[in-house]
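Step one of this worksheet: look at the structure below.
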Amino acid sequence: MIYLDNSATTRQADEVTDLMAQLAREEFGNPSSLHPMGLQAQNRVTDARRILAKVLGATPEEIVFNSCGTEGDNTVLFGVAETRKHQGRKIITTAVEHPAVLEACKVLETRGYKVSYIGVDDKCRLNKAQLEEELSTAGRSPEDTPILVSVMAVNNETGTIMPVADAARLAHSAGALFHTDAVQAFGKIGLAGIGADFITMSGHKIHGPKGIGAMYIKKGVNLPAYLVGGGQERGMRSGTENVPAIAGLGKAVELMEQERACMGCGPEAPRKYLLEGIKDGIPDIIINSPESPEECVPSVLNVSFLGTRGEVILHTLEADGICVSTGSACSSNKKGQSHVLAAMGLSPKEIEGAIRFSFSRYNTIEEMDIVLDRLTKAVTRFRRLGSFR
Ligand code: PLP
């Protein structure tokens, strides 16, 4: 199996699995218990919290563990809407966010909030001028006063890196709070010092466990508790901590940091090899991801193969043991075309022919040779049999 769907989810690192198994078997205490096993579990949670805080340049108290990226995004959007409802009723986000943000915005619209969706260019780069314009209405009326700006740090379909530090600065200068969905960015780009009030992330995108995520909530920024009960997570999210998953997440973050510090340990080389191979060997394509490494994470490559249907190519590759994706697998099973590629201005045909390849440190150049061979054959066959444009 050649797995190129790492934006959907990643293979859990063996180091993470081993640690989690050890904790499940031997260190199963409840962190709230006062006996040594409780303390042992508490220490595991504390260690993981420190690891995440260090990566974000935060203090451990600013990290809250939760269940996933979706929970973090929902917590921030609904929480800020509640706490700031008397200050304003405008929320600004982008047209290319994950449904975890967009669907929450839709619900907020039904509750009387006005949501502005900032556009992007053909490589999914944020329209900063439009953001500035949307922020400039602050103070005119409650409907025009932004309370929150939510801009993802990396887009999940194209890998485009968003200018979140600039967006945070602009949001703050207009009196709004700033959130970034960093589910596809955490562990891949530096996030310390970006000036966000909230950062949300997820374990399963970085070789950690599924069902665990975390939020950074800046000290002093008020957000209502998402779950109330025993008061865990500084009262922000009650419920007995999933200690093995939290420790597994800490380990996964440590491994991502090691990967980032090491030249040639990440997926840069296989991605570059595949990109060059596609450009050299397959005509009539559009590269939808930015090509410069400053603008795109090395884990994603989105390409439209004109005159084909991505879904058919995906199933053809699947028969060869190759897993890719057409859009975002975790907004799963939804019919319809990618809202991200549509916002980038691609035509329905260009969207239909799009494939997302997403990479991890486990991919190799040898695998890319196989992918290039099968992909070229699949595209050629489709174009021969189908009606090309
Ligand atoms: N945000 C982005 C950018 C994502 O890519 C995803 C999942 O693909 C999510 C949020 C949701 O994360 P989770 O699956 O942990 O709920």
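What to note about this one:
- Beta bridges per DSSP with both ends in the chain, % antiparallel, nearest 5: 55
- Taken over the alpha carbons of the range 53-177 as equal point scatterers, the Debye sum produces base-10 log I(q)/I(0) values at 0.19 Å⁻¹ of -1.13.
- Dividing the radius of gyration of the alpha carbons in the range 158-256 by their Kirkwood radius gives 0.99 for Rg/Rh.
- Segment residue 370-residue 276, length gained on full extension (0.36 nm per residue, minus Cα span): 32.4 nm
- A simple spin-label model places pseudo-atoms 7 Å from Cα toward Cβ; at residue 292 and residue 61 they are separated by 4.1 nm.
- Hydrodynamic estimate: the Kirkwood radius of the range 17-115 over Cα pairs, inserted into Stokes-Einstein at 20 °C and 1.002 mPa s, corresponds to D of 131 µm²/s.
- Cβ-placed point charges (K, R +1; D, E -1), dipole of the chain about Cα centre in debye, nearest 20: 680
- Taking the convex hull of the alpha carbon positions in the range 268-376 and averaging its projected area over all directions gives 6.8 nm².
- Given 128/349; 90/219; 188/272; 54/219; 188/251, the pairs whose alpha carbons are separated by over 18 Å: 128/349; 90/219
- Mean shadow area of the range 244-330, taken as a quarter of the surface of its Cα convex hull (nm²): 7.7
- Loop-located GluC sites (Glu not before Pro) in the range 254-297 (DSSP state not H, G, I, E or B) with no more than 13 neighbouring Cβ atoms inside 10 Å: 291, 294.
- The charge dipole of the range 117-247, taken about the Cα centre with unit charges on the Cβ atoms of Lys, Arg (+1) and Asp, Glu (-1), comes to about 500 debye, rounded to the nearest 20.
- Two-decimal Rg to Rh for the range 95-249 - Kirkwood Rh, Cα set: 0.97
- With R₀ set to 51 Å, the beta-carbon distance separating residue 22 from residue 143 gives a calculated FRET efficiency near 0.40.
- Axial C-alpha extent at least 20 Å, average Kyte-Doolittle at least -0.5 - helices from the chain (DSSP): 36-56, 69-83, 243-261, 365-385
- Sulfur and carbon atoms: percent of accessible area, the range 1-145 [1.4 Å]: 52
- GluC sites (Glu not before Pro) within the range 345-389: DSSP coil, no more than 16 neighbouring Cβ in 10 Å: none
- Over the C-alpha atoms of the chain, the Rg to Rh ratio, Rh being the Kirkwood estimate, stands at 0.99.
- Charges were assigned to the Cβ only: +1 to each Lys and Arg, -1 to each Asp and Glu. The resulting dipole of the range 347-389 about its Cα centre is roughly 280 debye.
The values are calculated or read from the model by the stated rules, or taken from the named source; none is laboratory data. Quick caveat, the model's predicted, so the values are computed rather than measured. Backbone-built Cβ (ideal geometry, glycine too); neighbour counts: all protein chains shown. In case anyone asks, the SASA skips ligands and DNA or RNA and just uses the protein heavy atoms, side chains included. Shrake-Rupley method; radii C 1.70, N 1.55, O 1.52, S 1.80 Å.
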